[in-house]
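Below is one structure, written out as structure tokens; comments come after it.
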Amino acid sequence: MPLKVIEHGSKEYQQMVDLRYEILRKPLNLSFDEQELEREKKDILIGAFEEEKMLGCCLLTQVDKRSVRLRQMAVQNNLQGKGIGASMMNFAENVARDAGFKILLMHARKSAIGFYEKFGYRSTGKEFTEVSIPHIVMSKVINQF
């Protein structure tokens, strides 16, 4: 299962938007707006593939010089629990580390906290609501200072 950084606006990016919509937005009756997608030009876009089909994806958005935020982690429903998310987490951490970031953080859906804890992420704040569901900020030092 190849993992790679993809380009904004590419056919792989369109697959990414479609997958994120199906897994993350559609169940909440939400969609993407053009400004939101336009801002992703600055992000590191990661996809997991089988041949040319996207199996999973996530984004890394710079927060500051030291920190990057993992966003929009999605794996096809029929493939969840098969190690794709774990592979993407490791890949995303390596990409972030190679880009010089020291801390990886995220707004984790409450239902996914256990998944991220397996990779050493810890809750760093109180529960809050984002896109109408409970989240918590989680973070991990990925590169010593």
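Observations, loosely collected:
- Selected residue (criterion: nearest to MET138 (Cα to Cα)) from residues of segment 94-105 that are surrounded by fewer than 22 Cβ atoms within 10 Å (Cβ to Cβ) and either hydrophobic (A, V, I, L, M, F, W, C) or in contact with a Leu (Cβ under 6 Å, 6 or more places away or on another chain) (or both): LEU105
- Within segment 124-145, the set of residues being exposed (fewer than 15 other Cβ atoms within 10 Å of the Cβ), in contact with a strand residue (DSSP E or B) (Cβ under 8 Å, 6 or more places away or on another chain) and of a type outside the set (Val, Ile, Thr) comprises GLY125, LYS126, GLU127, PHE128, GLU130, PRO134.
- Listed by position, the helices (runs of 4 or more DSSP H) inside segment 29-145 whose residues that are over 14 Å from the mean Cα position of the chain (by Cα) and over 23 Å from LYS11 (Cα atoms) number at least 2 are 84-98, 113-117.
- Residue in segment 44-53 that is at pLDDT below 95 and within 21 Å of ILE136 (Cα to Cα) present: no
- Residue match in segment 52-70 (condition: surrounded by fewer than 19 Cβ atoms within 10 Å (Cβ to Cβ), farther than 22 Å from ALA96 by Cα and without any contact (Cβ under 8 Å) to a residue 60 or more places away in the chain): yes
- Scanning segment 81-90 for residues that are of a type outside the set (A, V, I, L, M) and crowded, with 18+ Cβ neighbours inside 10 Å yields a count of 1.
- Residue check, LEU24 at pLDDT below 95, part of a helix (DSSP H, G or I) and under 15 Å from the mean Cα position of the chain (by Cα): yes
- Segment 107-124 residues that are of a type in the set (Phe, Trp, Tyr), paired with ones that are part of a strand (DSSP E or B) (beta carbon under 6 Å, 6 or more apart): TYR116/ALA108; TYR116/MET138; TYR121/MET138; TYR121/LYS140
The values are calculated or read from the model by the stated rules, or taken from the named source; none is laboratory data. Remember, predicted model here, so these are calculated numbers, not experimental data. All Cβ positions, glycine included, derive from the backbone under ideal geometry; neighbour counts span all protein chains shown.
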